[in-house]
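J.: Here's a structure for you.
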Amino acid sequence: MNMRSQIERYEKLGLRESLPKIYRYPIACREIGFILREAYIQFPKNLQSIIFHDTLAAFRLLPQIQTQSAVSAVHFLLQSVEAALPKQKRNMAVKEFKLAMVAHKRRSKPQHQEEKDSFQLPHDVLVHIFSFLDMQSLVSVGLVCWSWNLAANDNHLWELQYVALYGNAAKQQLINRVEDRNKRHLQDLTDTKSITDWKEAVNRAYTVYSDAGALAKKLTTNRGYCVNCRTVVWLNNSKCPNVHSGMISEVQEIKPVTPFQVVEYVLDDSLSLTSSSDSDSDSEGGPVSRLWALPKM
C-alpha cells in the first residue's frame, strides 16, 4: 500500500479548507469522525498526525459556527475521538472540545439578542441572495419563515435551478412544448415565463429522466466521486466544481458517496459504488419524496 497515496487522497478531500465554511463544517466534522473510527489505526504515523490536527482545528472553530447542526456534528466527532485516539491525544482533543463548547455558549448569547433586533430584508434582496444557492439549500431556506418561503418559491429561482440541472437546451425544449400546447388550445401566448411553473418543471423532470433516482440522491448530498477527477469532491448543485478540458462535469459524471465510502477511498482508492442504491431513491421516503414533501408555508 502506498503511504504517500493515502496522504494525497486525504488531502484531496479538502476537509481542512472546508471547516471554516459554515455550510460545510458539519459534513467535514462527520467525515473526520468516520475516518477516525474506521481507519485511524490503519494509517501511517504522519497521516495520523494530520488527521489529529484537523480534529483539533474542528473543535477550535466551533465557536465561529453558530448552528445546531455544527454542535451535533462536533459531538459525533468527540465520540469518534474517544473511541479511536490513544490516551494522550484523546485527552488533548477532549480538552479542546470542552474549551470550544464554553466559548460557543458565550458567543451564542449576544447572537440571540441580535436576532431579536434584526430587520427583515426586502423581497427582491432575498431573491437575489437565494439565486446563489443550490437546490437543496433553496428548499431549506424556504422553511425558515414566511418571507423566506415566499422568496425561495420565486419562479425565476427555479428556472435557474432547471437550467443548472438540465441545461439551456432542455429549458428551450420545455418552453417549446408549452407553446405548442397553448397553441392547440387557441391561447395567445405572450410570456412563456408567466405560464411555466419552473419548480413543478424540476419536479416533473425527476420522472422523465432515466437516471432520476441517481439525480435525486445527488441533490440531497454535498459529496460525490467525480469520474473525471477520480477523487471525492464537494458538489456544486450536484456537479463537480472543477473544470475538465474546458468543461464543467455533467451530473451523470458524479457518483454520490457516503462517509463510509469516503473512508474506503482514503484507505485504498476503492469505492463500492453500486446502482442498487440509486433505485431506492425513487421509493417512498427516499430523497425525492423528502425533498418535495416540503410544503409552501
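J.: Could you pull the Cα extents of segment 3-110 along its three principal axes, largest to smallest, in whole Å?
T.: Dimensions of segment 3-110 along the principal axes of its Cα atoms: 47, 28, 17 Å.
J.: With a 1.4 Å probe and every protein chain left in place, work out the accessible area per residue of segment 3-110 in Å², rounded to a whole number. Please report the intermediate quantities before stating the final value.
T.: Numbers: 5490 Å² over 108 residues.
Heavy-atom accessible area per residue stands at 51 Å².
J.: Give me the percent of the accessible area of segment 3-110 that comes from carbon and sulfur atoms, probe 1.4 Å, all protein chains in place. Don't skip to the answer; put the middle values down first.
T.: Working: 2970 of 5490 Å².
Its accessible area is 54 percent carbon and sulfur atoms.
J.: Hey, another quick one. Rank these by accessible area, largest first, 1.4 Å probe: ILE7, ILE129. Write out the running numbers ahead of the final one.
T.: Working: ILE7 15, ILE129 75 Å².
Solvent-accessible surface, decreasing: ILE129, ILE7.
J.: Can I ask one more? For THR231, what residues show an amide H to amide H distance below 5 Å, using hydrogens built from the backbone and excluding near sequence neighbours?
T.: Amide H neighbours of THR231, under 5 Å, 5+ apart: CYS226.
The values are calculated or read from the model by the stated rules, or taken from the named source; none is laboratory data. Predicted model, so just to flag it, every value in this text is computed and none were measured. Note: areas computed on protein heavy atoms with side chains; ligands, DNA, RNA excluded. Shrake-Rupley method; radii C 1.70, N 1.55, O 1.52, S 1.80 Å.
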